[in-house]
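Take a look at the structure set out below.
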Amino acid sequence: MAVPTFTSVTPTSGHAGGRVLVSIAGTNFRVPSIPPAGPAIPRPVPVRVRFDGEAALRVDVISTTLLEVLTPSYRGAPAADPIVASAIELANLDDAGVLIPGEVVTAAAAFTYQRLGIRAPASLQAPAQVIRELVAMLRRQVLPNTRIVPHTDYAEPGAARTLFARLPGVYLSEFRLLDEDRARADPNTFRNAEGPVGTFSSFYPSFTQRLECVITGVSDSMTELMQLATTTRDAFHRTPFLTVDITDGAGPRYQYQLDPPDNFAFGIPPSPANIRAFSGSIAVRDVAMELTDPVSRQAAVALIQVETGAFDGAVASIAVETTQF
């Protein structure tokens, strides 16, 4: 009887939604046996892994000392804050997928699920970085009185409500995040390319979204409003990409494609103040939402010599490097 053991779990925490790639090191993990000659018959994975009773989404037995596991989603108490660390159970199975008696081990509090939480933007995972830069761009090029429309329970820090009623003004509202319908090859990778001013690096995230919002210009003068609309449209045509500094100067800057408004709709609602407004929709494309937690890892596991047969009296051979995903 070979009882499996734990040595380490890497990483020890991950998203509560699951699909986090975890490496489990230990001993006595059962590896797949050599199948008999004949037609290939699918066999169950020889090691079962559970997180607090929930089966892992995928288990890859790399060797007798290493497993690659894709975590399930968190199914514990919804209101737990913080989430209690989960136990991981390992069990060796026979070729029929039946538990081998005695070959089970459990590591208590071995993995902690985490919510993303609501926090200040610190990386590309925060669309708030993009919104902040969009407001800054409009303030620089169009009008200093550019703001996000507040809710009744929200106001910008240090800003009085009278600032939002100052005319003329440009306001952003009705933000939406929509999934991008784009296929990505080799996600989560950087590629270098030559541009007109030298080499630049392109990043290919695994999951992007399109950030849409409504832009509204307000004035009590129709002439001023027309000029404001022209200036706003000109700013978007002069700025096809929004440059975002996600690390406050400590790291690289990223560029996102800006989709300008197709048309502005002008409205003159009846009011004693004689307020006039225009509005349109704008979008920022390819906002990266998920840059970590890979779901697979490529690793060379063997170098196999393959005989190709006799050729002109000599035996040729080629080396084939296999990989484990």
Fill in: Filtered residue count, segment 24-49, keeping only those that are touching a residue at least 60 places away in the same chain (Cβ under 8 Å) and under 10 Å from L67 (Cβ atoms)
3
Fill in: Restricting segment 30-47 to residues that are of a type in the set (V, I, T) and over 34 Å from the mean Cα position of the chain (by Cα), the residue that is modelled with the highest pLDDT
I34
Worksheet item: Mind checking which pairs have a first residue in segment 79-90 that is among the small types (G, A, S) and a second that is surrounded by 13 or more Cβ atoms within 10 Å (Cβ to Cβ) and in a loop (DSSP other than H, G, I, E, B), Cβ under 7 Å, 6 or more apart or different chains?
Response: S86/D52; A87/D52
Worksheet item: Any idea how many residues of segment 66-111 are over 22 Å from P42 (Cα atoms) and over 30 Å from the mean Cα position of the chain (by Cα)?
Response: 6
Worksheet entry | Failed item, numbered, when D262 is tested on (1) more than 25 Å from the chain's Cα centre (by Cα); (2) at pLDDT 85 or above; (3) more than 18 Å from R166 (Cα to Cα) | (2)
Fill in: Filter result for the condition that a residue is assigned to a loop (DSSP other than H, G, I, E, B) and either touching a strand residue (DSSP E or B) at 6+ places or on another chain (Cβ under 9 Å) or of a type in the set (S, T, Y) (or both), over R30, R43, R48
R30
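The values are calculated or read from the model by the stated rules, or taken from the named source; none is laboratory data. As the structure is a prediction and not an experimental result, all values here were calculated from the model. So basically every Cβ, Gly included, is an ideal-geometry build from the backbone, and we count neighbours across all protein chains shown.
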